[in-house]
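A.B. asks: Submitted below is the structure of interest, expressed as structure tokens.
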Amino acid sequence: MRCEVHPESDAIGQCSRCSRALCPECAVRHMSALHCKSCLSLATEQPAAPAAAASQIAPPPATAPVAGASYYQPPAPSAPATPQPRGRPATWPFAVGSVGALGGGISFMLSAPFGGFGFFGSIYGGYSSYVGYGYYVLPVILAVVMASLQTMYAIGLYGFYRNYGSPTSLAGAIALVAGAWISAAVFVIIGLSPTCIDECIGPAPPSYYSYAFLSAAYSVPIGIGVIIAGLGVHNAARFHPDIKAMRNVGVFLTTGGLILAVVCLAFVGWAMAGVAEIVSLMLFRTALVPSGSTVVAASSMSSVTSPPSSSPSSK
């Protein structure tokens, strides 16, 4: 038997597909069978056909929506709102507010163990044996320090109004300043009066009514100021890059101020307000300050400058 392609050569077998006689030059062994070169290409391409077809199959129906089923899609992260400055943007209110946040928060934390008397409760015990002028000096100094620290914190709230245009923050700043100085005045005028000294720290046990009156007179004004300040922080959160953290600070301030205002569990109110003010330190440091068409972090912006104006050239 001769090869069909090379008649001068003897065939060594037949193609397993087309049965052509094949010589050694034409025969190719594949998968334990002889093939001619034409059929070999078909034999090698056939297994690849199912893979190619599989790539065109639609994705499994597991990803397709099912009728009647509900799917959770996480909300997209909120971007800060567009600020509307009420004046030339500046970083100094946030810098002053940072100092007030740290100092004011520490003073509030120190107030917690003394309940309604707050930061100045220790004076009653520490100076109860003193008489005359020396008794009044330190309480007055501490009252001024406390009110001054809260005023500095309020300046930070004013920064939210000046740089972002948040009117609630301005109201919170005003209320916090008023509440802090009223509480300080109440402590100095009423708390250090001879009648109150005799009632609260005299030889006889302190009167419950005297303690309650002084506690309420001192805690209620600062509590109301902290409530409105917390609302101002919460309202300005939409302009801050960390919206969630700033809203939590606002909630803590408002809750702590409410507890102080009702003079119930006052130590909890002092602690909550103190934690919130200390955390506010980082919020003031990371607050964004408008600068032309962009905003930059207060901690990285030393000053706000206006773009240079080009002077007309003389001919």
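A.B. asks: Report whether or not Ser129 is within 18 Å of Phe284 (Cα to Cα) and modelled with pLDDT under 95.
C.D. replies: When the stated conditions are applied, Ser129 does not pass them.
A.B. asks: Looking at Ile278, is it part of a helix (DSSP H, G or I), at pLDDT 80 or above, within 24 Å of Val96 (Cβ to Cβ) and hydrophobic (A, V, I, L, M, F, W, C)?
C.D. replies: So Ile278 passes the test.
Results for (1) at pLDDT below 85; (2) touching a Pro at 6+ places or on another chain (Cβ under 7 Å); (3) not assigned by TED's automatic domain parsing to the domain that holds Val279, shown as yes or no for each residue.
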| site | (1), (2), (3) |
| --- | --- |
| Pro59 | yes, no, yes |
| Thr63 | yes, no, yes |
| Val66 | yes, no, yes |
| Ala69 | yes, no, yes |
| Pro77 | yes, no, yes |
| Pro83 | yes, yes, yes |
| Gly103 | no, no, no |
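A.B. asks: Let me ask something else about it. Could you grab me the full set of residues in segment 176-201 that are at pLDDT 90 or above and buried (at least 24 other Cβ atoms within 10 Å of the Cβ)?
C.D. replies: Leu176, Gly179, Ala180
A.B. asks: Taking the residues in segment 238-277 that are in contact (Cβ under 8 Å) with a residue 60 or more places away in the chain and aliphatic (A, V, I, L, M) as candidates, determine which candidate is nearest to Ala217 (Cα to Cα).
C.D. replies: Only one residue tops the list, namely Val263.
A.B. asks: Determine whether Gly172 is closer than 19 Å to Gly250 by Cβ and either modelled with pLDDT under 90 or part of a helix (DSSP H, G or I) (or both).
C.D. replies: yes
The values are calculated or read from the model by the stated rules, or taken from the named source; none is laboratory data. Predicted model, so just to flag it, every value in this text is computed and none were measured. Methodologically, a virtual Cβ is constructed for each residue, glycine included, from the backbone with ideal geometry; neighbour enumeration extends over all protein chains shown.
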